[in-house]
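Structure record follows, encoded as structure tokens.
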Amino acid sequence: MFTHAPTPMLLVTKAGRIADANLRAGQLLGLSPERLTGRRLEKFVATGSQSTLAALLRGVFTQGELQNAELVMVTPDGAIRTVRGDAVHDPEVEGSPAWCHLSLTDITDLRAIHTQLLDQTDMLQAQLQHLTARQYRLEHEVQDVIRSTQGQLNLHLARLQNLLKRHVRDAGPSSDLTLAQDALNRTLGLLASLDGYVQARQLRLRPRHVDLNQVLQDVRSDLKDALDGRTVEWNTGPLPTVYGDSRALRMILTAYLSNALKFTRTREAARIRLLVEEHEGEYLIGVQDNGIGFNNRLKDKAFELFGRLHPTGAYEGAGIDLATVRQLCDLMGSRAWGDGKVDQGATFWFACPKTD
């Protein structure tokens, strides 16, 4: 069975000499079993693998356990083969010569494929790093251009706004001037929304414990101008302390409350309610209004960039603020959604982790 075994096998003494070899071993090493017998095995091992062979033999004869190692073999005709050597000491016959059974598995082709795959992986990783770095540079270049352009637009629009106000004051009400002023205000609103969206993409989160009551107070203060001349009934019970980024939470609540104020404009009194649902590991925070609502089948569109659920002429905005909310929630590993019914109001929600 040893002679005709399908795997190359050797009997190797403690001194590292080949005591016997089967036919497959002869084919692997390029010599007949008879010519292999008595030769030192290290003569068939590349210089870089000789210390590995010595450690393999030392381990099998001293520990008496299965030992294995990867060896580079060199045949007399110069062929190089990579093999896996598995050695086990056979002490079955008392007083027999000290040798071990060494089976050799040719893994030359496998090693070549493995090396090729590693090279390809390194190449792909290098390409990915290059593309990532390039994308990062391009994104920042685009953002710099957007910021620069936005700054120039804001400057020119502010000048135009002052001119229009002066003309309206001096010439009296004019439909053309009023339309121009309205278009200008919409443009400024669009720029403000775009600025918020860019800020959300660039935001570096600093999660901590955040009191939503304080955030709500700050947001209502920011919306003071939007509340002028409006009758707004607030129902805001105590809000929880959550774990999140205070800037992101402030932007989310600002977007939701601005949305509620906008779509309750046709109501005699706007009713805005803050809802809190407690679940395991998170709070769900909702902003409910009694506004014009929307078709609930289109609720996912509300959070798309430039997604609108109502005609442009009826309500200002470009469909950016709710997309900003979703962007912020994605950054926090959270989620945002809404529900509504036509002419029966809407509720927009976001989830927030509890404090530790």
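The values are calculated or read from the model by the stated rules, or taken from the named source; none is laboratory data. Since the model is a prediction, treat every value here as computed from it, not as a measurement. Cβ coordinates were reconstructed from backbone atoms using ideal geometry, including for glycine residues, and neighbour counts include every protein chain displayed. Heads up: the accessible areas ignore ligands, DNA and RNA and are worked out on the full protein's heavy atoms, side chains in. Shrake-Rupley method; radii C 1.70, N 1.55, O 1.52, S 1.80 Å.
Just to be sure before I move on: is ASP144 farther than 30 Å from MET9 by Cβ, at pLDDT below 70, out of contact with any His (no Cβ under 9 Å at 6 or more places or on another chain) and not hydrophobic (A, V, I, L, M, F, W, C) in the structure I sent?
Taking the combined requirement at face value, the residue satisfies it.
Out of the residues in the stretch 300-356 that are closer than 19 Å to THR264 by Cβ and part of a helix (DSSP H, G or I), state the one that is modelled with the highest pLDDT.
Going through the qualifying residues, I end up with VAL325.
Take the stretch 82-121 and flag every residue that is among the basic types (Lys, Arg) and at pLDDT below 90.
ARG111
Among the helices (runs of 4 or more DSSP H) contained in the stretch 189-270, which hold 1 or more residues that are at pLDDT 90 or above and open to solvent by less than 20 Å² (accessible area, probe 1.4 Å)?
Helices (runs of 4 or more DSSP H) meeting the threshold: 212-222, 246-262.
Yes or no: the stretch 79-98 includes at least one residue that is surrounded by 15 or more Cβ atoms within 10 Å (Cβ to Cβ), charged (D, E, K, R) and in a loop (DSSP other than H, G, I, E, B).
No, the conditions are met nowhere in the stretch 79-98.
Each row is one residue, and each column tells you yes or no for (1) at pLDDT 90 or above; (2) at positive phi; (3) touching a helix residue (DSSP H, G or I) at 6+ places or on another chain (Cβ under 8 Å); (4) among the aliphatic types (A, V, I, L, M).
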{"site": "ALA5", "(1), (2), (3), (4)": "no, no, yes, yes"}
{"site": "GLY16", "(1), (2), (3), (4)": "yes, yes, yes, no"}
{"site": "ASN22", "(1), (2), (3), (4)": "yes, no, yes, no"}
{"site": "ALA25", "(1), (2), (3), (4)": "yes, no, yes, yes"}
{"site": "LEU56", "(1), (2), (3), (4)": "yes, no, no, yes"}
{"site": "GLU65", "(1), (2), (3), (4)": "no, no, yes, no"}
{"site": "ASN68", "(1), (2), (3), (4)": "yes, no, yes, no"}
{"site": "VAL72", "(1), (2), (3), (4)": "yes, no, yes, yes"}
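Between a first residue in the stretch 33-45 that is more than 16 Å from LEU71 (Cβ to Cβ) and a second residue that is among the β-branched types (Val, Ile, Thr) and in a helix (DSSP H, G or I), which pairs have beta carbons less than 7 Å apart while being 6 or more apart in sequence or on different chains?
Within 7 Å, no pair qualifies.
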